[in-house]
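Here the structure comes first, spelled out in structure tokens, and everything after it is commentary.
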Amino acid sequence: MLEWSGQRLREILTDSPWYYRVIGNRRGNLRLLGQKRGMTRSETAFELEGARQLFSGPVTELVWRGNRYEPAGPFPLSRELNIFGFSAGDARNDGSETVVAVNRNDRLVVYGPGNNSLWRSRDRFGGSMTYFEYRTSTQFTADERYYLPQRVVIGDVDGDGRNEVMLVQNRDLARNLTARFRKFTHGQVAVLEWDGVAMNPEWHTREVSDYVSDLTLLEWPADGMPAVVYAVVTASGLMEKPRSYLAAWRPEQQQL
């Protein structure tokens, strides 16, 4: 881990046993979350009984004490989730903090008090090419892959004073039927808003014939209005090196 000293980046932490994530809350404050790595190391590869063993223990908030980060208390999160693929904020526009996540089956889930599931989508969302590769203890096949879920963003994208949920929606050529192989043929960014019962689709960006790898919400420099910015990865042939580009989308360009 590196820290800016005012003149240069200096190393403050090495060989940490944690996965780290920085997320905001409904007040806009940032906090550091961590979850311990659960993988065990052999001479050649990680040997696990299943993907759940990649993570150990609950997700916790971390604080800096002395010369390291230490747990300050558990973060209220469903046990079916890990540190990746969720966001927390005022997603239901009621002043409370709501956790919204993409689960292992690529379904969008909204969690209420007590980590109870309030709503679960029928459609698939996310779709990532970033993965951990690990070996099981009885290795008769190729190494297993755990694909990390895509980012979920909570924010007011259209400036109406109400928050929306934004996330990537990629289409897999294999229709998610294979554990290792993924080939995304189309992708877009979907924007949904809570209507009191469910996450209702508001609009989406123009669909691209490629793979959307990430997104964020920021203020457009020209006028300070919100814009969805997302990264697209494209490759037209098997022997060609993939290329990427950034795209920006404003609410007035919306497609319903």
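Here are the numbers:
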| item | result |
| --- | --- |
| Label-to-label distance, nm, for residues given as D195 and E70 (7 Å Cα→Cβ offset) | 5.0 |
| Hz values of 3J(HN,Hα) by residue in the stretch 58-65 - Karplus curve (6.51, -1.76, 1.60), Gly and Pro given as x | x, 7, 10, 7, 10, 10, 8, 10 |
| Residue among I23, I154, I83 with the largest mean-square fluctuation in a Gaussian network model of the chain, springs linking Cα atoms under 10 Å | I23 |
| Theoretical gain in end-to-end length, R145 to Q7 [0.36 nm per residue, Cα-Cα removed] | 45.7 nm |
| Prolate/oblate/rounded call for the stretch 46-136, Cα gyration tensor, a/c under 1.5 rounded | oblate |
| Efficiency of FRET between S78 and T234 - r from beta-carbon atoms, R0 25 angstrom, step 0.05 | 0.10 |
| Percent antiparallel among DSSP beta bridges (both partners in the chain, rounded to 5) | 95 |
| Convex hull volume of the chain per residue (C-alpha atoms, cubic angstrom) | 183 |
| Interchain or long-range residues, amide H under 5 Å from I23's placed H | R31, L33 |
| Amide H contacts under 5 Å for L148, placed H, 5+ residues apart | T130, Y131, F132 |
| Counted charge near R145, where neighbours are those whose Cβ lies closer than 10 Å (Asp, Glu -1; Lys, Arg +1) | -1 |
| Electrostatic dipole magnitude of the chain [Cβ: Lys, Arg +1; Asp, Glu -1; Cα centre; debye, to 20] | 720 |
| Theoretical gain in end-to-end length, D94 to E219 [0.36 nm per residue, Cα-Cα removed] | 42.6 nm |
| Extension gain from R180 to S16, taking 0.36 nm per residue of separation minus the Cα-Cα distance | 56.2 nm |
| In nm, spacing of pseudo-spin labels at R120 and N25 (7 Å Cα→C-beta vector) | 2.9 |
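Here, each number is a calculation from the coordinates, and none is a lab measurement. The structure displayed is predicted, hence computed values, not measured ones. As a convention, Cβ positions derive from the backbone with ideal geometry for all residues, glycine included, and neighbour counts pool all protein chains shown.
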